[in-house]
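**Q** What follows is a single structure, and I will ask about it in a moment.
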Amino acid sequence: MIAHLTGTLLFKQATSVILDVGGIGYEVTIPVSTFFDMEEPGAQVALRIYTHVREDTLQLFGFRTARERELFMLLISVTGIGPKSGIATLSGMSADEIIAAIRTNNLARLTAIPGVGKKTAERMVIELRDKMAALSSPALEEQLAARAAGAAPSEDALREDAISALINLGYQRAAAEKVLTQAMQEGGDLSVELLLRRSLRSLSKG
């Protein structure tokens, strides 16, 4: 399996690059984050590689850091997330944002990723939450600690955040307000994630 490539950058676009390695041109699919960090054609480039093999194809996925490659491999280990969805996730969110969303059960943030539905987002949290700490950064740890030490948001703030998330998911405001009222009446230690889970459960039955 190819795990690393170093060569001359022949061509780049937002989703892929072509590297000349010893006279052989390798086409490598990349996330947007890697594209923005990429040199101009003609430069020497090193990429961490994940080789995806299927019966009818062999595809290379490239990353500038081992951390991004490791995060990508964890994402595609979740049922329902293939390499294409993994690249889309890393293109739409930074590594810290993905790690924070999974560690804090932020289903609204995860379901905003193209191709990731509620069940897949829940599987991401359940299967990966305990594995995310190893990939965290000092800056993210400070952010999470500050969030944990802060005052708990009011019920009104929780309600508005949850309504906003539901509207972003395509639900009408009236429907969102109705199910959120029911979700808040169930009580418990309320959070946006809990309210969304309850609301989405109700909406799926409707």
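The values are calculated or read from the model by the stated rules, or taken from the named source; none is laboratory data. Treat the numbers as computed from the prediction; the structure is a model and nothing was measured. Note that each Cβ is placed from the backbone with ideal geometry, even for glycine, and that neighbours are counted across all protein chains shown.
**Q** For the range 88-100, state whether one or more residues are assigned to a loop (DSSP other than H, G, I, E, B), surrounded by 15 or more Cβ atoms within 10 Å (Cβ to Cβ), at pLDDT below 80 and not hydrophobic (A, V, I, L, M, F, W, C).
**A** No: zero hits.
**Q** Right, something else. Would you be able to say whether some residue in the range 172-191 is over 25 Å from ALA95 (Cβ atoms), in a loop (DSSP other than H, G, I, E, B) and at pLDDT 85 or above?
**A** yes
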